[in-house]
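Note sheet for the following structure.
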Amino acid sequence: RFHNLRTPVTNGAGKFAFASTLSGATLPTDAGIWASTASGLRLVARKGSPAPGTAGTFAALDLTDNLNLNAQGNLLIAANLNLGGAPQERGLWLDSAAGLSLIAVEGSRAPGVGRYFNRVFDGANLNDGTVVFGAAVSSVPNDPNGQFGIWRWTAGQIERIVGVGDRLEVLPGDFRTI
């Protein structure tokens with residue numbers, strides 16, 4: 001049974017998703033995320049279930065109001081991974097018609113910069129299927145320090161958009177370093 005239902009997220013097409021803890025479950029903190037279908041509800045992710053794109057399981061699902069549902073019905077979720085030891089890395093996954101896909105997870109290589117994601121923050125789930133998210137990177141996995149950047153995931157490919165140390169033009173001819 002659902003226990004402690006969280007506020008659902010909706011889109012203009014009438015789709016919705018929500019997170020909840022479960023009562024009567026085998027784990028005291030058992031939880032899941034569900035999405036609507038034409039015939040009812042579908043489980044997207046549950047604590048202890050395999051985390052796609054990794055060798056681990058979902059250790060903790062972000063049950064706050066961070067679910068992000070776009071106009072296509074794609075759902076962006078955040079969760080911590082259980083890889084059989086500490087620390088528990090945090091990651092982002094996108095649930096779409098193709099299934100649940102890993103976007104980025106702490107400790108994995110950040111493409112194009114020769115570094116590792118050491119912090120992965122919530123993202124925006126755009127209507128064209130693109131996910132934009134914040135992440136800090138460092139030269140070694142799980143380094144508590146790192147340089148923050150904005151990243152874009154599209155069709156399985158990640159690229160850095162901008163980050164600390166980059167120069168941006170804020171007015172014509174006026175460049176500043178982030």
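The values are calculated or read from the model by the stated rules, or taken from the named source; none is laboratory data. Just so you know, these numbers come straight off a predicted model, no measurement behind them. Using ideal geometry, Cβ is built from the backbone for each residue, glycine included, and neighbour counts are taken over all protein chains shown. These area figures cover heavy atoms from the full protein model, side chains too; ligands, DNA and RNA do not enter into them. Shrake-Rupley method; radii C 1.70, N 1.55, O 1.52, S 1.80 Å.
Counting only residues that are open to solvent by 20 Å² or more (accessible area, probe 1.4 Å) and on the phi < 0 side of the Ramachandran plot, the stretch 95-122 holds 16 of them.
Conditions (1) at pLDDT 95 or above; (2) open to solvent by 10 Å² or more (accessible area, probe 1.4 Å); (3) not in a strand (DSSP E or B), marked per residue:
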residue: A124; (1), (2), (3): no, yes, no
residue: G129; (1), (2), (3): no, yes, yes
residue: F148; (1), (2), (3): no, yes, no
residue: W153; (1), (2), (3): yes, yes, no
residue: E169; (1), (2), (3): no, yes, no
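Scanning the stretch 32-59 for residues that are assigned to a strand (DSSP E or B), open to solvent by 40 Å² or more (accessible area, probe 1.4 Å) and touching a residue at least 12 places away in the same chain (Cβ under 8 Å) gives R46, T57. Against the definition (closer than 30 Å to I161 by Cα and out of contact with any helix residue (DSSP H, G or I) (no Cβ under 9 Å at 6 or more places or on another chain)), how does L41 come out, yes or no? So L41 does not fit the description; no. Against the test of being of a type in the set (S, T, N, Q) and over 25 Å from W34 (Cα atoms), the options Q72, Q147 yield a single qualifying residue, Q147. Answer with yes or no whether R6 is in contact with a Leu (Cβ under 6 Å, 6 or more places away or on another chain), modelled with pLDDT under 90, open to solvent by 80 Å² or more (accessible area, probe 1.4 Å) and farther than 26 Å from R152 by Cα. Yes; evaluated as a whole, the condition is true for this residue.
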